[in-house]
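This report concerns only the one structure given below.
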Amino acid sequence: QVQLVESGGGLVQAGGSLRLSCAASGSIFSINAMGWYRQAPGKQRELVATSTSIGSTNYADSVKGRFTISRDNAKNTVYLQMNSLKPEDTAVYSCYAQGVRVRYWGQGTQVTVSS
């Protein structure tokens, strides 16, 4: 089992920045990729960013150039640095960790960007 605890959401004005954190504990040796999804009201869940165990990263087109995912393996933590935030980035952001045939989820954190 893997437990994920997120932090860092909140309210920010358009153009501002936030950093989300997701700390993993438990059977972390089983994790290969970690990343972030988001879901806005009335919209489908969207994969925002992924970081694999070999160091590769992927981003949704909507956040490329503005968001950066990073991992601190010593702290078993993945971060999502969000810059130049837009109102359309408003959503619940959820961290995930991909294990062997199982995906673990954080509790979700609200990000609200005001115009």
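From the alpha carbon centroid of segment 1-36 to that of segment 77-115 is 7 Å.
How much of the accessible area of the chain, in percent, comes from carbon and sulfur atoms when a 1.4 Å probe is used?
With neighbouring chains kept in place, the figure for the chain is 48 percent.
Only lysines eight or more places from Lys86 in sequence, or on another chain, were considered; those with a Cα closer than 17 Å are Lys43, Lys64. For segment 1-104, trypsin sites (Lys or Arg not before Pro) are listed when DSSP marks them as loop and at most 11 other Cβ atoms sit within 10 Å of their Cβ; the list is Lys43, Lys64, Lys75, Arg101. Take the chain with all the other protein chains still there, run a 1.4 Å probe, and you get 53 Å² of accessible area per residue.
Averaging the sequence gap over all C-alpha pairs within less than 8 Å and six or more residues apart, then dividing by the number of residues, gives segment 1-104 a relative contact order of 35 percent. The DSSP beta bridges internal to the chain are antiparallel in roughly 90% of cases.
The values are calculated or read from the model by the stated rules, or taken from the named source; none is laboratory data. Quick caveat, the model's predicted, so the values are computed rather than measured. Here the Cβ is made from the backbone with ideal geometry for all residues, glycine too, and neighbour counts use every protein chain on show. Only protein heavy atoms, including side chains, enter the accessible area calculation; ligands, DNA and RNA are left aside. Shrake-Rupley method; radii C 1.70, N 1.55, O 1.52, S 1.80 Å.
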